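Structure, as structure tokens:
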Amino acid sequence: MVDVTPRAQSVLDAAVALFSEFGYHGTSMREIAKLVGVGPGALYNHWPGKQDLLFYLMDAWLTELHNTLLARLKGVQEPTERLRLLVEHHVAFHAAHTAEMLICDSELRALTDRNRRVVLDKRRRYEAVLDDVIGDGVEHGAFNAVDVRLTTMQTLGMCTHVATWFKPEGRLSIDAIASAYADRVLHSLEPHR
């Protein structure tokens, strides 16, 4: 993510806490300022407005999700292993960043048209990686013949949902959950013999 000053980061952290609990429309700049411990006018030294905060958060976290996935997949060619890494990464990232990813998934409607287009484009590019992995696996016989786009959306929906319920103090670790999700997805795509 882009480096921001410590004060600007404290504003982002407050926005994440409030947006994830009360939603974008249920949060005011005054409430963000109060949580940071500054006057409302001081926020505008760091962020032009609430929309800028939301857009920065969504853009930055989706960029981080995508870039870390590409780094993880680099050099891996086998479709089954690529899919395992992708699913594990998606689940683990959402579990490790529950508040941020809930905002990314639930506040699209709050973005301006221009900002929404940018965020949706980033989401489509991320989804295209999974489309390619599944399509490659189908083409090479590693996965059964499926509707690639539908399978991508089913997989992402299932894996993204972890952000709504994961608790670090829960019974299973992030790694165990991510591995179980990958096992489930791979099992569903096993070729029919």
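Some points to look at:
- Highest-fluctuation residue, Gly75, Gly137, Gly39 considered, GNM on the chain with Cα pairs under 10 Å: Gly75
- By the beta-carbon count within 10 Å of each Cβ, the least crowded to most crowded order of Leu57, Leu172, fewest first, is Leu172, Leu57.
- Gyration tensor verdict on region 19-103 (Cα atoms; rounded if a/c is under 1.5, prolate if a/b is larger than b/c, oblate otherwise): prolate
- Farthest toward positive dipole pole in region 36-155 [+1 Lys/Arg, -1 Asp/Glu at C-beta], among Thr68, Asn144, Thr80: Thr68
- Net dipole in debye of the chain [+1 Lys, Arg Cβ; -1 Asp, Glu Cβ; about Cα centre; nearest 20]: 420 debye
- Helical contribution to [θ] at 222 nm, DSSP H n ≥ 4, -39,500 (n - 2.57), averaged over the chain, rounded to 500: -23000 deg cm²/dmol
- Neighbour counts of C-beta atoms inside 10 Å place Val87, Val162 in the sequence Val162, Val87, starting with the fewest.
- For the chain, built as a Gaussian network whose Cα springs stay under 10 Å, the top-fluctuating residue of Ser179, Ser20, Ser106: Ser106
- Cα gyration tensor shape for region 51-188, rounded if a/c is under 1.5, else prolate or oblate: oblate
- Region 51-188: relative contact order as a whole-number percent, Cα under 8 Å and 6+ apart: 40 percent
- Bridgeable lysines around Lys122 (alpha carbons under 25 Å apart, same-chain partners fewer than 8 residues away excluded): Lys50, Lys74.
- Taking the fewest neighbouring Cβ atoms within 10 Å as the starting point, the ordered list for His187, His25, His94 is His187, His25, His94.
All of the numbers you see were taken from the coordinates with simple rules; none came from a lab. Everything numeric in this text was worked out from a predicted model, so none of it was measured. Glycine also receives a Cβ, built like all others from the backbone with ideal geometry; neighbour counts cover every protein chain displayed.
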